[in-house]
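Only the coordinates and a few stated rules stand behind these numbers; no lab work does. Everything numeric in this text was worked out from a predicted model, so none of it was measured. With ideal geometry, Cβ positions are generated from the backbone for all residues, glycine too; neighbour counts draw on all protein chains shown.
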Ligand SMILES: Nc1ncnc2c1ncn2[C@@H]1O[C@H](COP(=O)(O)OP(=O)(O)OP(=O)(O)O)[C@@H](O)[C@H]1O
Ligand SMILES: [Mg+2]
């Protein structure tokens, strides 16, 4: 009984929030140009399904492209940074500094370099999402038990052996944990870039509809964006649980 | 097959931000081939550091370490090690944890793929001798602390090392499990006769297992007493209550109390 309730609770809460939103809009007679009711947003979704489907698709693939580059680059850089203390020390301030730059500020530069289109969106998604991957992979390597390293070194293991046998498998839960965070950040990056300068994508759609005062359409796009984010998060949460079950069972827990 | 260890007048300093720590000073210690040596001493006196020197994981500032006639200049590549924490790899099955050294040490390393089946059988057989027959396909988290420590012992022994280094391997276990594992170690050693250096805080453990017990001073550590245990072998747990055994424990205890005062 209790466990069914627990399983249903995400759905129930979502429906509840929509109902509350709908009721509030009607009860207080909120102007639809300020906050449209969800029913109006859904109606807009039906009415404009063609452009919305197109823009959702563009946002999804640019996000995934940027995210894919971030994963490849993030893992590579994380391994390099985790490999040696010197590199770790040298690169860390640079990376922190880079991560502190708001990516909105970079988008105009990217647009100047690559022109309006998908490339700036992909690059922004990449730039915003690789950082947690690097940090987590490097942390996974850096927190290796020193005694285990001693055991292997006393057997004559080289650094590469230790990395392959222990370091890299050990970073897996850290890596998969970071992917959940990174994918949602990648959406943020894409949408920011699309809002600033693009001719397709949900961010572009939101900016365009907003300037035309089509608030239901704005909210329809926002809801689709949220949906894409949740769906991708769920995919990576599933992958995480599937591939690193040992980490949840043993005392070693992943950093998110 | 087994190794001899000669530690000659070694000094070790850890250099840190807030000045150096002199961990060992003038430590001299000899272990014969096939001997079971125990090292006891107050906490922080440099026992673990000594293990790192012997296995070549750290270089000494002064003095020399010679294993089977060869001076140690880097990681020794032969030593099996086990610590207080079993440190098993949670993503590997028990048997694959035991096999880990064979993926690193020659000549097993080159043959590993080809001979994997035979190596697995060896690992299973070794697990059986420590009372873990049939547990090979479990994961470490499915095992109790004592069982994990047995696996850790197997991992330290699978490549038939000529030198076994144990740093408080039983410290985290309850008294009964600990005594059980004493017997496991005793039987393995009796059978294979590798050279053992065991660091422990448990004087009964040292007396029960060792041929020679070396007592270290407080930091900077050096050997202040080497006691040969004359008790006949094979020793039984019952022997722990014999007057001769208790006398040795008393003597060690008094000595450690003395060095702790200084
Ligand atoms: N990596 C290190 N850096 C700096 N100092 C260290 C380091 N490792 C150990 N020491 C210092 O060296 C001394 C000896 O340490 P060691 O670990 O060898 O002691 P121990 O005899 O094994 O102690 P215990 O019985 O508590 O395990 C300690 O005072 C410790 O502070
Ligand atoms: Mg110690």
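Testing the spin-label approximation: label points 7 Å from Cα along Cα→Cβ at residue B:250 and residue B:116. State their distance in nm.
Label at residue B:250, label at residue B:116, 5.8 nm between them.
Given 20 °C and 1.002 mPa s, how large is the Stokes-Einstein diffusion coefficient of segment B:133-262 in µm²/s, with Rh as the Kirkwood radius over Cα pairs? Show your work: numbers first, answer last.
Numbers: Rh = 16.1 Å.
It comes out at roughly 133 µm²/s.
Please say if chain B is rounded, prolate or oblate, where rounded means a/c under 1.5 for a ≥ b ≥ c the square roots of the C-alpha gyration tensor eigenvalues, and otherwise the choice is prolate for a/b larger than b/c and oblate otherwise? Can you show the working numbers first?
Working: a/c = 1.77, a/b = 1.29, b/c = 1.37.
The shape class here is oblate.
Rounded, prolate or oblate: which one fits segment B:34-75, using the alpha carbon gyration tensor with axes a ≥ b ≥ c (rounded when a/c is under 1.5, else prolate when a/b beats b/c, else oblate)?
Because a/c hits 1.5 or more and a/b fails to exceed b/c, segment B:34-75 counts as oblate.
Just need log10 I(q)/I(0) for the protein assembly as shown at q = 0.06, 0.09, 0.12 Å⁻¹, Debye formula, equal scatterers on the alpha-carbon atoms, no solvent, rounded to two decimals.
Values, matching the q order: -0.45, -0.78, -1.08.
Find how many whole Å separate the alpha carbon centroid of segment A:176-200 from the alpha carbon centroid of segment A:96-110.
The distance from the Cα centre of segment A:96-110 to that of segment A:176-200 comes to 13 Å.
Springs between alpha-carbon pairs under 10 angstrom, Gaussian network model over chain A: which of A:197, A:74, A:210 fluctuates most?
A:210
Is the shape of chain A best called rounded, prolate or oblate, per the rule: a/c under 1.5 gives rounded, else a/b larger than b/c gives prolate, else oblate, with a ≥ b ≥ c the square roots of the Cα gyration tensor eigenvalues? Show your work: numbers first, answer last.
Values: a/c = 3.15, a/b = 1.66, b/c = 1.89.
Oblate is the answer for chain A, as a/c is 1.5 or above yet b/c matches or exceeds a/b.
Where the centre of each part is set by its Cα atoms, how far does segment B:102-141 sit from segment B:206-228, in angstrom?
For segment B:102-141 versus segment B:206-228, the Cα centre distance is 34 Å.
Ignore the peptide's own chain and count Cβ atoms of other chains within 10 Å of each Cβ in A:154-167; give me the average, rounded. Please list the in-between numbers first.
Values: counts 18, 19, 12, 8, 2, 0, 0, 3, 1, 0, 1, 5, 5, 0.
Mean partner shielding for this stretch: 5.
Rounded to the nearest 500 deg cm²/dmol, what is the calculated helix-only ellipticity per residue at 222 nm for the protein assembly as shown, with -39500 (n - 2.57) per DSSP H run of length n ≥ 4?
On the way: 19 runs with 298 residues, N = 518.
Value at 222 nm, helices only: -19000 deg cm²/dmol.
Using Cα pairs closer than 8 Å and at least 6 residues apart in sequence, work out the relative contact order for segment B:65-219, in percent. Let's see the in-between values first.
Values: 182 pairs, mean separation 44.5, N = 155.
The value is 29 percent.
Using alpha carbon centroids, what distance separates segment B:144-164 and segment B:34-54, in Å?
18
I need A:131, A:67, B:36 ordered by Cβ neighbour count within 10 Å, fewest first.
On the way: A:131 20, A:67 29, B:36 25.
Going from least to most buried by this count: A:131, B:36, A:67.
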